[in-house]
Every structure is written in C-alpha cells, then in structure tokens.
1. Scan the range 104-121 for residues that are without any contact (Cβ under 8 Å) to a residue 40 or more places away in the chain and either assigned to a loop (DSSP other than H, G, I, E, B) or of a type in the set (Asp, Glu) (or both) and report the count.
2. Going through the range 271-280 one residue at a time, which ones are more than 19 Å from ILE204 (Cα to Cα) and surrounded by 15 or more Cβ atoms within 10 Å (Cβ to Cβ)?
3. Quickly run through the range 238-265 and pick out the residues that are of a type outside the set (Lys, Arg), open to solvent by 10 Å² or more (accessible area, probe 1.4 Å) and in contact (Cβ under 8 Å) with a residue 60 or more places away in the chain.
4. Which members of the range 333-349 meet the condition of being open to solvent by 50 Å² or more (accessible area, probe 1.4 Å) and not polar (S, T, N, Q)?
5. Would you call ALA35 open to solvent by less than 20 Å² (accessible area, probe 1.4 Å) and either at pLDDT 90 or above or over 28 Å from LEU262 (Cα atoms) (or both)?
6. Going by the conditions given, is GLU197 closer than 21 Å to LEU116 by Cα, open to solvent by 40 Å² or more (accessible area, probe 1.4 Å) and either free of Cβ contacts under 8 Å to residues at least 12 places away in the same chain or touching a Ser or Thr at 6+ places or on another chain (Cβ under 9 Å) (or both)?
7. Using beta carbons and a limit of 9 Å, which pairs, at least six apart or on different chains, have the first residue in the range 342-355 and among the hydroxyl-bearing types (Ser, Thr, Tyr) and the second one in a strand (DSSP E or B) and open to solvent by 70 Å² or more (accessible area, probe 1.4 Å)?
8. Output the residue which, of all residues in the range 200-223 that are modelled with pLDDT under 95 and hydroxyl-bearing (Ser, Thr, Tyr), is least open to solvent (accessible area, probe 1.4 Å).
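The values are calculated or read from the model by the stated rules, or taken from the named source; none is laboratory data. What you are looking at is a predicted structure, and each value in this text was computed from that prediction instead of being measured. Cβ coordinates were reconstructed from backbone atoms using ideal geometry, including for glycine residues, and neighbour counts include every protein chain displayed. Side chains included, ligands, DNA and RNA excluded: accessible areas come from the protein's heavy atoms. Shrake-Rupley method; radii C 1.70, N 1.55, O 1.52, S 1.80 Å.
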Amino acid sequence: MVMGVTALQFIAVPFQEKSLGQFKAAQVLSEGFKARLLAHAGFQAGLAAIRNVPEEYLYSSGLVLNPPNISISEKCKGCFISYRIQPEDGKININNLVLTFEDRPNETYRAMLRRLFQPLALDIPVENVDTLIDWIDENDTVEGRGAERSYYDSLQPPRKIKNFRLFSLSELTMVKGFSQEMIYESRAPEGWAEEQEELAFQTIDEKNLKTLEDYVLANNITAYLPPPGDNGRININAARYHTILALSNAMSQKAVLELFKLRRQNNGYIDDIAKLRELPSFQVQTELGITLYEEITGGGGENTSLIKTEGDIYRIVGIGTVDLGSDKGKEELVVRRVVGLYDRKNARLLYYRED
C-alpha cells in the first residue's frame with residue numbers, strides 16, 4: 001500500500017508541476033495579448049497628443065512628454081496604460097553622414113560626430129565615424145580607417161554590409177567597432193557621479209547641465225530615414241549637452257549652460273532661434289571669422305544651418321502592463337511595448353515596432 005502511494009506521488013507531482021507550468025505559460029500568453037492591446041491604446045494616446053497639443057505645451061508641461069501610468073478599472077485589476085513622447089530630432093541622425101545623391105560623406109556631420117566621439121565627450125574611437133560612413137554609402141571605397149565589404153566577408157560567420165541607411169539604431173550593433181554596451185550604456189568617466197555629488201555649490205542650471213543619461217550614445221544619436229524636406233537640423237529644445245557641444249569647435253560648456261538657462265526661463269521651449277543671439281557666448285568669434293551664432297544658423301556657408309526650435313520627428317512609446325500578482329500582494333508584471341516614429345510635419349509614421 002505504501003509503495004502504491006509513493007508510486008502515485010512519483011507520477012502525480014511531476015505531472016502537477018508540468019501542468020502548473022503550462023497553465024502559467026498560457027496565462028502569460030493571454031495576459032500578454034491584453035498588455036499588447038493596452039500598449040496600442042497608450043500609443044494612440046501619445047499620437048493624439050502630438051497631433052492635437054501645441055508643441056510649446058508639449059515641452060512646458062512635463063505631463064505630456066512624460067505622463068504617469070493610467071490605471072484602467074476595477075474590472076481589470078493591475079492593468080495600466082502609459083505612453084512616452086520623445087523628440088527624436090534633438091539627436092544627431094547618423095543617416096545624414098552620407099549625402100544621398102552624391103554618395104559621399106557629409107563633412108559637417110562627420111565633424112559633429114567626431115566631436116561627439118572624442119575622449120572629452122563620449123570617448124568612442126573616432127575612426128568609428130568612418131566605419132559608419134562605409135556601412136551607409138553605396139561604394140566599395142574604404143573611408144579612412146573604416147571597413148567595406150571585404151572586412152565583413154572575412155568575419156566568421158560572414159556579415160553582409162548594408163550599403164544603405166539604417167532603419168533603426170539597433171542596426172548599429174552590426175557595424176564594425178560598435179557594441180550593444182557602447183550604444184545603450186553610460187560612458188561617463190569612472191567616479192563621475194560621485195564627483196558631481198561633491199559639487200554642492202553649483203547652481204541649478206550647472207547641476208542639470210549633464211547627467212549620466214547624457215553619456216549614453218543612444219540619447220545623442222538616432223537613425224531614421226529622413227523624410228522629404230528634412231535638412232538634418234538639430235532641435236535645440238530637445239538636444240542634450242554633448243549633442244549641442246558637438247555642433248561647433250567653438251561651442252563651449254559656458255555656451256551650452258547659457259542655452260539651457262534660456263530654455264528653462266522659457267518654460268523649456270525656445271520659440272525663436274534669434275533669442276540665442278542675445279547670449280554672450282554665442283557672440284564669440286569662430287575659426288570661420290564669424291560669430292558662433294552665425295556659424296550654427298547658416299552664416300558659415302553651405303551645410304552650416306544646423307539648428308531649429310520646432311520639432312518634426314517624435315518617438316512615441318505606448319506601454320501596456322498587466323500585474324499578475326496584484327491580487328496576491330506581490331508584483332509579477334507582463335509588459336508589452338509599441339514603438340513608432342511619427343513625422344509631425346507630414347503627418348505619417350516613419351517607423352513602427354511591437355515588442
């Protein structure tokens with residue numbers, strides 16, 4: 001009798017564990033579908049905000065760019081919708097590194113990225129700019145210390161060079177010299193955060209000048225197919241410290257500080273580029289023999305109109321969350337995301353992805 005019970009337990013316990021595992025998997029699948037529907041709803045909410053809310057209010061009210069989670073109802077306990085709106089043209093679009101019709105490097109953008117990659121900024125090998133150009137251009141001529149088809153063919157396993165623009169930043173991991181960590185993790189110098197904590201005497205603007213997030217490459221560059229009429233100008237209302245510093249050799253920390261202060265004094269939104277002319281640091285003479293203000297607003301000749309105040313491209317992230325443990329007093333989340341790039345000027349989606 002004892003042996004029979006033991007045998008039944010030997011069979012029943014694994015069966016029960018397997019059944020519970022299958023049930024859990026089915027539950028996650030079911031709740032994942034629900035979370036995806038919630039993410040779609042969040043995405044549509046973000047899209048409606050961009051279409052209907054004046055841009056200045058998007059910036060001046062933090063709730064629009066970074067709203068809180070929205071709880072659904074008692075019928076769906078633990079269900080939340082949220083969305084995020086991020087101005088994407090406040091970053092350097094690496095696809096502008098190559099002039100499309102001429103199939104040659106855009107020297108203005110090459111200089112900007114080299115300044116961004118230098119040791120005093122994000123500390124990324126400067127030759128990586130050349131490998132990016134070779135990845136995008138359609139010819140087979142190696143640019144500087146870059147890499148063309150022969151390099152990628154020699155890899156184990158071989159890799160096909162794209163010779164076209166990138167559709168998303170995640171493709172950058174395929175390019176020689178780049179890695180997941182380099183793109184998405186902070187490249188702040190060792191001990192930087194601790195050093196900032198010791199600078200208690202700084203003003204509010206000085207403390208907000210740089211954060212750990214400013215040292216993340218993905219927060220300074222982007223990759224999307226430029227829509228018709230896109231001239232690659234950087235939106236200074238959304239640009240971070242290192243992005244603005246990369247605009248010119250004459251750009252200084254003091255100049256960026258003055259710009260950020262002006263931005264704060266205008267509720268986060270500078271509505272007219274001409275206001276920068278009033279800033280002392282933008283009146284310094286550059287190597288071109290003109291002021292910094294003139295250089296970055298088009299006075300330096302071809303391809304020197306580098307900035308704008310109105311955003312055109314926005315990243316919308318809809319997030320749906322279902323907490324499986326909400327009734328049990330513990331957190332057990334199923335999360336789905338819907339991500340898109342929206343061209344506000346032309347009212348169309350440039351990119352769409354579901355996670």
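1. Residues that pass the stated criteria total 3.
2. Scanning the range 271-280 gives ILE273, LYS275, LEU276.
3. Within the range 238-265, ALA238, LEU245, ASN249 meet the criteria.
4. LEU333, VAL335, ARG336, ARG337, ARG344, LYS345, ALA347, ARG348, LEU349
5. Yes; evaluated as a whole, the condition is true for this residue.
6. Spelling it out, it is not the case that GLU197 is closer than 21 Å to LEU116 by Cα, open to solvent by 40 Å² or more (accessible area, probe 1.4 Å) and either free of Cβ contacts under 8 Å to residues at least 12 places away in the same chain or touching a Ser or Thr at 6+ places or on another chain (Cβ under 9 Å) (or both).
7. TYR342/ARG348; TYR342/LEU349
8. The extreme case among them is THR211.
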